[in-house]
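Some notes on the structure that comes next.
The values are calculated or read from the model by the stated rules, or taken from the named source; none is laboratory data. Fair warning: this is a prediction, and the values are worked out from it, not measured in the lab. Here the Cβ positions follow ideal geometry from the backbone for every residue, glycine too, while neighbour counts run over all protein chains shown.
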């Protein structure tokens, strides 16, 4: 069990709290968190990343309480991509991605090789010498993805690796959303545990091993896409009347409105 | 803009710095040819009155002053770069965000209320005023950081307005202290407002050299942390950096260097803004190369500014701070217009 969330309760604001959230993110599996706006998805990730203090409950990473990890060795196996990033200094794309290697003690030439591979993974090799601040929103998003990919690129002795991504597809076109799905598959195949917040339910159905549905800070459903993505759930949690059909391409559930 | 190889660039700066210092030592009301500077400094037994006079000008007046300019400039430029990393914003200049004002208020406080100790000795007096200035600077950086910065970044408007507020409080306190001060104290307090290097002596050179040494020893060890900071505070934490510790040390280091600089030479504005900005254009924002380049280029800029300031209306002198402001203010306007977060209503 790479990442385990035991009955976590945390106060988000005076109006809303995370209440009694419990799930596990297994090595080699993709866990997708979905839910309407303000359901607490980002706050859940912040609680896991120690940015939001826990009221109750425990989070373990590789069987060790996450707050007891040494910051640097934790960073060698846990890559986190927040929803929005601000970088206002003219770093090149290569420099930004190389920062993902800060926690590691690999040599410069090894780092350069990993950075190139990570950039290839997100289809950004042609941007390597460009200044980050001049990129488009989608390009910035992909470069940040490459940075996090470079951070957890190699297996480390400290334990199983884990990726936590908050809405990584938000400013990407369709082709690059598919690319993100391939990136999940690439890392999952190496035994990396992936926890990701997505808004696109069909994309979630496509890549998830497990879906967690949040509503008002509480877990409304947890399980395989087939059992979670139902018309009742969509009505109850998202307040939409939608049909769930079988996706003709991959046989997964598909939400149509 | 195409980048220049950082090693070549730093090498180039290190070659030019001694040449500029040599020019500084030569130029002045009495011209001393550069090729005679070294023999004057080495020659102590000469009895010729012209030689003694020139040797005194060089070793007692110009040499301490050029060294003081170099160390103050290096401190200001490095602190500018470090603060811009800490605030994740290229507009964070120690004088603009009120740190220099905080330091001058702390120094004035010491001059007026610590007067009893100040008379006892020059060295003790200097160190008491320094303690006051550093304390004032720490309070100022801490306040601005708390007010303007959250986990998503720094609000430029809040940062600059905090600077205005702190400067206003500091100047009110300075006026209040002036009310209690006698004429000797007043003269000392006034030095802080101007920003010039004419008070150079070897004690001051030793003090600022020690501070510059600490700064150049400690800051580069945080270069990677500063790079990661530019991605965002949370991102730096996710990269395994002990963010709270690094922040504390950066605040203390910059406050120490700015505080002592203000004691030595008053409020010299914009060096911390202009030098890192120009150098980022040449070698990029990577602090591993930016910090050492800033040290050398900051020294060069302040030496040149002071050289012009003390020759342009000779035999009278301008405060060097006026010249750095004349160069720096337009750069500040340019950055303000260009500032993306300023045009982004979400970040106001």
Just need a number here: residues in the range A:111-146 that are over 16 Å from residue A:171 (Cβ atoms) and part of a helix (DSSP H, G or I).
13
Kindly indicate whether residue A:180 is more than 14 Å from chain B (Cβ to nearest Cβ), in contact (Cβ under 8 Å) with a residue 12 or more places away in the chain and under 15 Å from the mean Cα position of the chain (by Cα).
yes
Of all helices (runs of 4 or more DSSP H) completely enclosed by the range A:36-110, which ones contain at least 3 residues that are more than 11 Å from chain B (Cβ to nearest Cβ) and within 30 Å of residue A:229 (Cα to Cα)?
A:41-48
Could you list, in sequence order, all residues of the range A:118-137 that are within 23 Å of the chain's Cα centre (by Cα) and either at the interface with chain B (Cβ under 9 Å from one of its Cβ atoms) or surrounded by fewer than 14 Cβ atoms within 10 Å (Cβ to Cβ) (or both)?
A:120, A:136, A:137
Within the range A:13-35, can you find the residues that are within 28 Å of residue A:224 (Cβ to Cβ) and assigned to a loop (DSSP other than H, G, I, E, B)?
A:16, A:26, A:27, A:28, A:29, A:35
With the condition kept exactly as written, say whether any residue in the range B:9-31 is modelled with pLDDT of 85 or more and farther than 29 Å from residue B:325 by Cβ.
yes
Selected residue (criterion: farthest from residue A:18 (Cα to Cα)) from residues of the range A:158-179 that are assigned to a helix (DSSP H, G or I) and out of contact with any helix residue (DSSP H, G or I) (no Cβ under 7 Å at 6 or more places or on another chain)
A:175
Does residue A:147 meet the test of being over 25 Å from residue A:1 (Cβ atoms), surrounded by 24 or more Cβ atoms within 10 Å (Cβ to Cβ) and in contact with a helix residue (DSSP H, G or I) (Cβ under 9 Å, 6 or more places away or on another chain)?
yes
Residues of the range A:189-206 satisfying the condition of being in a helix (DSSP H, G or I) and under 12 Å from the mean Cα position of the chain (by Cα):
A:204
Residue list for the range A:38-70, filter: on the phi > 0 side of the Ramachandran plot and surrounded by 20 or more Cβ atoms within 10 Å (Cβ to Cβ):
A:40, A:62
Within the range B:55-75, identify whether any single residue is touching a residue at least 40 places away in the same chain (Cβ under 8 Å), within 25 Å of residue B:297 (Cβ to Cβ) and within 14 Å of chain A (Cβ to nearest Cβ), and answer yes or no.
no
Those residues of the range A:1-12 which are within 15 Å of residue A:41 (Cα to Cα) and either in a strand (DSSP E or B) or at pLDDT 90 or above (or both) amount to A:5, A:8, A:9, A:10, A:11
Residue check for residue B:200: farther than 30 Å from residue A:78 by Cβ and free of Cβ contacts under 8 Å to residues at least 40 places away in the same chain:
no
The range B:27-50, subset touching a helix residue (DSSP H, G or I) at 6+ places or on another chain (Cβ under 7 Å) and surrounded by fewer than 17 Cβ atoms within 10 Å (Cβ to Cβ), residue farthest from residue B:305 (Cα to Cα):
B:46
Criterion (within 14 Å of chain A (Cβ to nearest Cβ) and touching a residue at least 60 places away in the same chain (Cβ under 8 Å)) met by exactly one of B:290, B:307:
B:290
For the structure I just gave you, tell me whether residue A:219 is within 25 Å of residue A:11 (Cα to Cα) and surrounded by 14 or more Cβ atoms within 10 Å (Cβ to Cβ).
yes
Exclusive hit being within 18 Å of the chain's Cα centre (by Cα), modelled with pLDDT under 90 and buried (at least 24 other Cβ atoms within 10 Å of the Cβ), set B:275, B:262
B:262
Members of the range B:223-240 found to be more than 7 Å from chain A (Cβ to nearest Cβ) and touching a residue at least 12 places away in the same chain (Cβ under 8 Å), listed by number:
B:223, B:225, B:226, B:229, B:233
If residue B:223 satisfies every condition in (1) at pLDDT 90 or above; (2) within 30 Å of residue B:109 (Cα to Cα) but one, which is the exception?
(2)
Residue list for the range B:241-280, filter: within 14 Å of chain A (Cβ to nearest Cβ) and not in a helix (DSSP H, G or I)
B:241, B:242
Quick one: in the range B:196-220, which of the residues that are in a helix (DSSP H, G or I) and more than 16 Å from the chain's Cα centre (by Cα) is modelled with the lowest pLDDT?
B:203
